[in-house]
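Data first, discussion second: the structure below is written as structure tokens.
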Amino acid sequence: MVNERLSVTLAGVKMDNPVVPASGTFGFGLEMDRYDLNVLGGISLKGTTLEPRYGNPLPRIAETPSGLLNCVGLQNPGIDAFLATKVPALRKVYGGAIIANISGFSLEEYVKCCERASACGDIDIIEVNVSCPNVHGGGMAFGTSAKAAAEVTSAVKKVVKGKPVFIKLSPNVTDIVEIAKACEDAGADGLTLINTLLGMRISLATRKPLLSNRTGGLSGRGIFPVAVRMVWQVAHACSIPVMGCGGVASAQDVIEMMMAGATAVQVGSENLRNPLACKEIIESLPEEMDRLGIGSLTDIIGVA
Amino acid sequence: MIFTVTSNGQAASGTFRMVLSSPEYHGSARGGQFAYILLPGYYLRRPFAISDCGEGWLEIIYCTVGNGTRELSGMAPGTRLDVLADLGHGFDIRATKDAAVLFGGGAGIAPLKLLARELAAAGKKVTAIFGFNRAVDIPEAIMDEIRSSGAEVLIATMDGSAGTKGFVTDALREHGCSFDYWYSCGPLPMMKAVCKAVDCGGQVSMEARMGCGTGICYGCSIMTAKGARRVCKDGPVFDREDIIW
Ligand SMILES: Cc1cc2nc3c(=O)[nH]c(=O)nc-3n(C[C@H](O)[C@H](O)[C@H](O)COP(=O)(O)OP(=O)(O)OC[C@H]3O[C@@H](n4cnc5c(N)ncnc54)[C@H](O)[C@@H]3O)c2cc1C
Ligand SMILES: Cc1cc2nc3c(=O)[nH]c(=O)nc-3n(C[C@H](O)[C@H](O)[C@H](O)COP(=O)(O)O)c2cc1C
Ligand code: FES
């Protein structure tokens with residue numbers, strides 16, 4: 001029942017449709033028990049680190065005018081448990097693209113995690129998060145410098161065999177194109193963008209920051225135009241494929257993101273408001289395409 | 001699921017109750033489960049314990065503490081709201097052998113109302129002890145409904161304007177009821193005090209700022225004696241021993 005009008009090929013990985021729940025907003029896949037996961041083009045799993053992590057204390061979530069801040073802080077069972085239990089359990093019920101999202105606090109950690117993930121046949125794509133703003137002295141540093149981002153890219157590319165490596169970029173930079181190009185030159189097979197924007201809320205009652213970590217990553221509908229702008233800039237400057245992410249909440253947003261240059265589109269925070277978001281977006285794509293005179297989604301990638 | 005507000009009114013100072021109905025809803029909530037309500041104009045949903053339910057409807061009891069709950073209190077019958085119902089794991093009534101005490105404070109009375117009805121229907125003896133600041137904070141009509149579902153209701157107020165002066169634990173001491181299990185929902189210090197004062201087993205309902213409410217974002221994880229657990233999905237009800245007080 002695959003609708004070929006929706007299918008895309010992302011760095012050699014064929015997907016039934018371009019819609020992918022974004023890392024951190026869909027657990028390890030099986031947490032979602034409200035619909036058959038096989039409707040999804042791919043699933044980007046919760047960020048995984050070398051060691052197990054509980055993450056930050058509560059509160060980890062704060063509301064914003066059209067989105068939210070989070071400082072979950074990479075809660076995960078560690079790469080070994082992730083590969084031994086989470087990925088195989090998901091593969092048992094899911095046939096689409098499984099994307100492992102890897103985070104690290106040092107070059108060695110990225111390399112070790114990616115090497116182990118590379119050996120796992122159930123993983124189709126490795127997405128390297130160099131942009132998580134939540135962890136002190138961690139991810140942020142890599143994603144905010146072209147040199148550091150390129151170092152991570154070439155180090156993980158050396159150990160990953162037989163599957164594409166996407167680098168997930170931070171928007172908290174002056175020139176995202178420079179960093180994107182540095183990753184491409186270092187051998188990245190693709191780029192995911194954007195991660196969350198650094199933000200803060202203060203409680204008027206306590207006069208203190210709302211989040212335990214004081215700052216958190218801003219996501220949700222409000223960041224959509226920032227994401228579209230960055231995807232457009234990067235997709236036009238690089239020749240590797242882009243997964244667009246940030247504020248996507250409808251089939252129209254998916255189409256706009258693809259017009260900006262995305263080959264696949266991640267849906268993050270909208271899953272938190274509406275657990276059926278991805279399924280409903282995929283279901284409404286054909287009708288929206290008809291309305292806009294789009295024959296096949298691949299026709300519109302980067303047309304803007 | 002889309003629900004329609006059928007009634008919404010003040011129950012006590014700063015406390016309201018709302019009944020929401022939908023033909024698709026079958027009154028399947030257990031005490032302690034919550035409804036996650038999307039308010040127009042707000043990005044995140046708001047969690048509220050389901051305080052009662054039946055075929056086609058559910059009830060919430062809420063305190064106005066911020067912009068969202070204030071707006072909720074002004075919603076007229078006929079307003080349509082997007083609700084995720086019956087989220088999380090509720091209280092386990094099978095843990096009670098013969099007699100249970102329910103300790104509630106403030107908005108914490110909400111899930112205990114439904115729980116009291118379930119326990120009484122299962123033939124257990126139920127005593128509910130509720131703590132408030134002042135007599136004007138007591139939703140009298142709701143207290144009466146809990147009594148008529150078969151529970152004894154005892155009151156404690158901080159200023160002594162109704163019932164026992166002091167905390168729910170003071171009311172327990174004063175009345176000295178016998179029971180083999182307890183349940184609690186309310187401010188953390190209250191639940192902590194109950195834990196200290198009572199030896200037998202019990203369950204508590206925890207609160208956390210939530211993202212998804214459905215277990216996919218890990219925004220509400222607390223560290224328990226059994227490891228990290230999501231308040232929205234693994235809870236909100238936990239065994240007393242699992243909470244690291
Ligand atoms: C499982 C659960 C059950 C609950 N049941 C009830 C109930 O039956 N009756 C009742 O009156 N209240 C209940 N609460 C608390 C209720 O959710 C908050 O009072 C409400 O979300 C406040 O919204 P606001 O817009 O008025 O406040 P604001 O402070 O403006 O809200 C801003 C954000 O913070 C969140 N937030 C604020 N306070 C709390 C809180 N105490 N707990 C969780 N999130 C919060 C809001 O949901 C929102 O995302 C429950 C909370 C949880 C976690
Ligand atoms: C609660 C939460 C947790 C997240 N965790 C991760 C993570 O572990 N790794 C990662 O690369 N991005 C993580 N993100 C970022 C998202 O994947 C996405 O890049 C970002 O939220 C922007 O998309 P959105 O506006 O659609 O949510 C997280 C976002 C949220 C809201
Ligand atoms: S609020 Fe998302 S996991 Fe509990």
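Brief remarks follow.
- Of all residues in the stretch B:200-245, those being small (Gly, Ala, Ser), under 30 Å from B:Cys177 (Cα atoms) and within 11 Å of ligand 1 (Cβ to nearest atom) number 2.
- Filter result for the condition that a residue is more than 21 Å from the chain's Cα centre (by Cα), crowded, with 19+ Cβ neighbours inside 10 Å and of a type in the set (A, V, I, L, M), over B:Ile146, B:Ile142, B:Ile216, B:Ile222: B:Ile216
- Scanning the stretch A:1-43 for residues that are within 14 Å of another protein chain (Cβ to nearest Cβ) and free of Cβ contacts under 8 Å to residues at least 60 places away in the same chain yields A:Gly27, A:Glu31, A:Asp33, A:Leu37, A:Ile43.
- Unmet criterion (only one of (1) under 16 Å from A:Ala262 (Cα atoms); (2) buried (at least 20 other Cβ atoms within 10 Å of the Cβ)) for A:Thr25: (1)
- Count - residues of the stretch B:140-178 that are in a loop (DSSP other than H, G, I, E, B), in contact with a helix residue (DSSP H, G or I) (Cβ under 9 Å, 6 or more places away or on another chain) and of a type in the set (Ser, Thr, Tyr): 2
- Taking the listed residues A:Ala117, A:Ala100, A:Ala149, the one that is within 19 Å of the chain's Cα centre (by Cα), outside any helix (DSSP H, G or I) and buried (at least 19 other Cβ atoms within 10 Å of the Cβ) is A:Ala100, with no other qualifying.
- Those strands (runs of 3 or more DSSP E) of the stretch B:183-245 in which 1 or more residues are of a type outside the set (D, E, K, R) and away from chain A (no Cβ under 14 Å) occupy B:202-205, B:237-239.
- Top-ranked residue of the stretch A:70-81 - restricted to ones that are surrounded by fewer than 24 Cβ atoms within 10 Å (Cβ to Cβ) and touching a Ser or Thr at 6+ places or on another chain (Cβ under 7 Å), ranked as farthest from A:Leu272 (Cα to Cα): A:Gly78
- Restricting attention to the stretch B:78-106, the residues being part of a helix (DSSP H, G or I) and either closer than 30 Å to A:Asp33 by Cα or outside the structural domain of B:Val153 (by TED's automatic domain parsing) (or both) number 3.
- Just one of (1) surrounded by 22 or more Cβ atoms within 10 Å (Cβ to Cβ); (2) away from chain B (no Cβ under 11 Å) fails for A:Glu51. It is (1).
The values are calculated or read from the model by the stated rules, or taken from the named source; none is laboratory data. Predicted model, so just to flag it, every value in this text is computed and none were measured. Reconstructed Cβ throughout: ideal geometry from the backbone, glycine too, with neighbour counts over all protein chains shown.
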